[in-house]
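Visitor: Here it is, the structure, as structure tokens.
The values are calculated or read from the model by the stated rules, or taken from the named source; none is laboratory data. All values reported here derive from a predicted model rather than from experimental measurement. Cβ sites come from the backbone with ideal geometry, for glycine too, and all protein chains shown count toward neighbours. Keep in mind that these areas ignore ligands, DNA and RNA; they rest on the heavy atoms of the full protein, side chains included. Shrake-Rupley method; radii C 1.70, N 1.55, O 1.52, S 1.80 Å.
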Amino acid sequence: MKKIIVGVLMSALVFTSCNKDDDETVVTTPGTPAPTQVEIATATTSNNETVTLYADESQLSTGYENMYVTVKDASGNAIEDATVEFAPLMDMGTMQHACPFVNPTFDNTINKYKGYVVYTMSSMGGTWTLGVSVNGNLATFTLNIADSPTKVVGNYTGTDGVTYIVSLLRPVTWNVGMNDVEFLLHTKASMMSFPAVTDFTMVMTPWMTSMNHGSPNNIDPVHVGNGHYNGEVNFTMTGDWRLHLQLNQNGTEIHSDAFLDILF
Ligand SMILES: [Cu+2]
């Protein structure tokens, strides 16, 4: 289905001249909740609260995922002022590890607690669980994480010997032309701790691999808080785009080519 849509878009590009009607395309800001959230599963805490987990799509995949939670007490009343905390864990048999995430806070616009988790591997490599504690009472979800169609999260070892995790915020709808783009940068302090990196600069070079060309007028991502880096990318046509990121700290190059891939 996607191929058909891309085909139609390509034809439209070939047979119509540039026209402002194209601007009607809905532009989403990366990381903004999808219009409706999809229920993933329900679990019960040790204190009999019902926790329901939601995501932007029914199939979770590797990379950044907004994760939402609603909580009801034993009588079925919504609890909107709890302290809700995430604890993602992958059990690989011989070892366990966590991944970058942020704890959810209650969002009045969608009546759910909203946070995110950056799944660094698919469920092919082991078993993912997401612990959700409500005021300290734990509910645990087992998750099925598919491989994302393109590389939207990557591990890169810097010249400083430190491992960095770069991810692309989803969901986002890409358009031909200028697009907001947002990355998260975390470091691996231990198998269980992935703090946000807040003091880097990035140089972003989009490159269309199949046709071997770049694009003009891109704006390098800059840190805007909590490990989020916002920039603008110019996709001059649909297709396969690789976002090359040079990662720098205090003017020193930490990695020359961390990259993520997009296809639209
Ligand atoms: Cu793993």
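Visitor: Looking at Thr109, Thr44, Thr52, which one is polar (S, T, N, Q) and open to solvent by less than 40 Å² (accessible area, probe 1.4 Å)?
Guide: Going through Thr109, Thr44, Thr52 in turn, the sole match is Thr52.
Visitor: Still on this structure, I have one more. One residue is enough: does segment 98-105 have a residue meeting the conditions modelled with pLDDT of 95 or more, aliphatic (A, V, I, L, M) and within 16 Å of the ligand (Cβ to nearest atom)?
Guide: Initial filter on segment 98-105 (modelled with pLDDT of 95 or more): 98-105.
With aliphatic (A, V, I, L, M) added as a condition, the list becomes 98, 102.
Subsequent filtering for residues that are within 16 Å of the ligand (Cβ to nearest atom) retains 98.
Yes, there is a match, as at least one residue in segment 98-105 is modelled with pLDDT of 95 or more, aliphatic (A, V, I, L, M) and within 16 Å of the ligand (Cβ to nearest atom).
Visitor: Pull up segment 138-166, narrow it to residues that are among the polar types (S, T, N, Q) and open to solvent by 40 Å² or more (accessible area, probe 1.4 Å), then point me to the one that is farthest from the ligand (Cβ to nearest atom).
Guide: Selected residue: Thr159.
Visitor: For residues that are of a type outside the set (Val, Ile, Thr), open to solvent by less than 30 Å² (accessible area, probe 1.4 Å) and part of a loop (DSSP other than H, G, I, E, B), tally how many sit in segment 195-214.
Guide: Filtering segment 195-214 for residues of a type outside the set (Val, Ile, Thr) gives 195-196, 199-200, 202, 204, 206-208, 210-214.
Filter once more, keeping what is open to solvent by less than 30 Å² (accessible area, probe 1.4 Å): 200, 202, 204, 206, 208, 214.
Subset that is part of a loop (DSSP other than H, G, I, E, B): 214.
Number of matching residues: 1.
Visitor: Give me the pairs, please: first residue somewhere in segment 92-118 and in the same structural domain as Leu184 (by TED's automatic domain parsing), second residue anywhere and among the β-branched types (Val, Ile, Thr), beta-carbon distance under 9 Å, and either six or more positions apart or on two chains.
Guide: Qualifying pairs under 9 Å: none.
Visitor: While we're looking at this one, here's another question. Checking His186 against (1) outside any loop (DSSP other than H, G, I, E, B); (2) under 16 Å from Phe101 (Cβ atoms); (3) open to solvent by 30 Å² or more (accessible area, probe 1.4 Å), which single condition isn't satisfied?
Guide: All conditions pass for His186, except number (3).
Visitor: Say we look at segment 106-134 and pick out the residues that are among the hydroxyl-bearing types (Ser, Thr, Tyr) and under 21 Å from Ser148 (Cα atoms); which of these is nearest to the ligand (Cβ to nearest atom)?
Guide: Across segment 106-134, the extreme among qualifying residues is Thr120.
Visitor: Suppose we filter Glu85, Glu65, Glu57 for residues that are touching a residue at least 40 places away in the same chain (Cβ under 8 Å), open to solvent by 60 Å² or more (accessible area, probe 1.4 Å) and outside any loop (DSSP other than H, G, I, E, B); which single one remains? Before the answer, list the steps.
Guide: On the way: Glu65 fails: open to solvent by 60 Å² or more (accessible area, probe 1.4 Å); Glu57 fails: outside any loop (DSSP other than H, G, I, E, B).
After ruling out the rest, the residue left standing is Glu85.
Visitor: Do you know which of the residues in segment 225-254 that are surrounded by 12 or more Cβ atoms within 10 Å (Cβ to Cβ) and β-branched (Val, Ile, Thr) is nearest to Gly161 (Cα to Cα)?
Guide: Ile254
Visitor: Another question, if that's okay. Just name the residue that is nearest to the chain's Cα centre (by Cα) out of those in segment 255-264 that are more than 13 Å from Val176 (Cα to Cα) and open to solvent by 10 Å² or more (accessible area, probe 1.4 Å).
Guide: Top of the filtered list is Asp261.
Visitor: Just the residues that are part of a strand (DSSP E or B) and either open to solvent by 10 Å² or more (accessible area, probe 1.4 Å) or not β-branched (Val, Ile, Thr) (or both), please, taken from segment 127-137.
Guide: If the condition is that a residue be part of a strand (DSSP E or B) and either open to solvent by 10 Å² or more (accessible area, probe 1.4 Å) or not β-branched (Val, Ile, Thr) (or both), then Thr127, Trp128, Thr129, Leu130, Gly131, Ser133, Asn137 are the ones that fit.
Visitor: So, one more: Sort out which residues of segment 1-33 are at pLDDT 90 or above and open to solvent by less than 50 Å² (accessible area, probe 1.4 Å), and write them in order of number.
Guide: Correct list: Pro30, Gly31, Pro33.
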